[in-house]
Amino acid sequence: MPWLQLVLDAEGQDPDRLAQWLEGQGAVSLSLQDAADEPLYEPPPGATPLWSHTRVTALFESDHDLPATLAALAAELGALPPHQVLRLEDQVWERVWLADFKPLRFGERLWVVPNHCAPPEPTAVNLRLDPGLAFGTGTHPTTALCLEWLAGADLDGRTVVDYGCGSGILAIAAALLGARRVVATDLDPQALIATRENAEQNGVADRLVLGLPGHVSIKPADILLANILAGPLIALAPTFSTALTPGGRIVLAGLLADQAEEVAHAYRSGFTIAAPCCREGWARLDGIRL
Ligand SMILES: C[S@@+](CC[C@H](N)C(=O)[O-])C[C@H]1O[C@@H](n2cnc3c(N)ncnc32)[C@H](O)[C@@H]1O
């Protein structure tokens, strides 16, 4: 069945109220998106922050009287917000999503390969992954920056910590690239479930120690990666400093390029921090424990 898609610019309106109103008019699906280019990154579990400039997309069945809905909306708001109507042909949407998720290469030797694809380089290190609820498929620049670092590192026999593991992508990559032991932790229990499943699928679960922060020991570690947010990265500097052995490596991501100096400053008393590596407005900081 085809669908009618109404895309509304919610500037000056409460996007939640607008979405509720459209639902009352018979919208079968609603989504709120960033109408500008404002990064909203990793909200805490349960929080649903919105962008300051939000676009509301509503899907209606093809026989819905959209002109009547638009007229009612104009009466409700006093004027119609900028909008667009599209007719969508029916598709198997899960397949459309999967079709966009293609094998990705990081550095010289690491591939992240979705389960529905054959590995482009069967002899490379191939991490098999399906998009799930937890963050981390390799498509986000912060994850990509960490995977590239891992692909270029000597991990043989090392103990690696993945702090804020999400899907477990960094922990599993570290194990596949030679780490002897990997500790993965996340404050979201769903992430721990995803990490366990993904590690089992990649045959590295026996080298993985998994648990909520504070429930697993992260020390002593040779390498610690944390792709979380600037605020928690700054707060966790003393914890990470204690966890790493002298000469150990730290990799921090999840910060915006303009937050790099503030985060680096929090680490300089215990680490030599290199210049940030930036991509699409995001930064990665690498350091060596003094
Ligand atoms: C941006 S995702 C990164 C996931 C994966 N490591 C990657 O690189 O794609 C951040 C993850 O860190 C978790 N997280 C955020 N703050 C945390 C904290 N203070 N302690 C532990 N986990 C945290 C979130 O629940 C989320 O799963």
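Out of the residues in segment 143-163 that are buried (at least 24 other Cβ atoms within 10 Å of the Cβ) and farther than 13 Å from Ala179 by Cβ, which is nearest to the chain's Cα centre (by Cα)?
Only one residue fits best here, namely Thr143.
Please work out if Arg207 is touching a helix residue (DSSP H, G or I) at 6+ places or on another chain (Cβ under 7 Å) and in contact (Cβ under 8 Å) with a residue 24 or more places away in the chain.
Spelling it out, Arg207 is indeed touching a helix residue (DSSP H, G or I) at 6+ places or on another chain (Cβ under 7 Å) and in contact (Cβ under 8 Å) with a residue 24 or more places away in the chain.
Please find, within segment 211-263, the residue that is least open to solvent (accessible area, probe 1.4 Å) out of those that are away from the ligand (no atom under 11 Å from the Cβ), in a helix (DSSP H, G or I) and among the polar types (S, T, N, Q).
In this case the residue turns out to be Ser241.
Considering Ala179, Ala191, which residue is in contact (Cβ under 8 Å) with a residue 12 or more places away in the chain, outside any strand (DSSP E or B) and more than 11 Å from the ligand (Cβ to nearest atom)?
Ala179
Write out, first by first residue and then by second, each pair whose Cβ atoms fall under 6 Å of each other, whose residues are 6+ apart or on separate chains, and whose first residue, in segment 145-171, is farther than 22 Å from Pro114 by Cβ while the second is more than 6 Å from the ligand (Cβ to nearest atom) and in a helix (DSSP H, G or I).
Final answer for the pair search is Leu155/Ala174; Val160/Ala174.
Can you tell me which residue in segment 104-142 is farthest from the ligand (Cβ to nearest atom), limited to those that are part of a loop (DSSP other than H, G, I, E, B), open to solvent by 30 Å² or more (accessible area, probe 1.4 Å) and under 18 Å from Cys165 (Cβ atoms)?
Top of the filtered list is Asp130.
The values are calculated or read from the model by the stated rules, or taken from the named source; none is laboratory data. Keep in mind that this is a model prediction, so the values were computed, not measured. Glycine also receives a Cβ, built like all others from the backbone with ideal geometry; neighbour counts cover every protein chain displayed. Please note that ligands, DNA and RNA were not included when accessible areas were found on the heavy atoms of the full protein model with its side chains. Shrake-Rupley method; radii C 1.70, N 1.55, O 1.52, S 1.80 Å.
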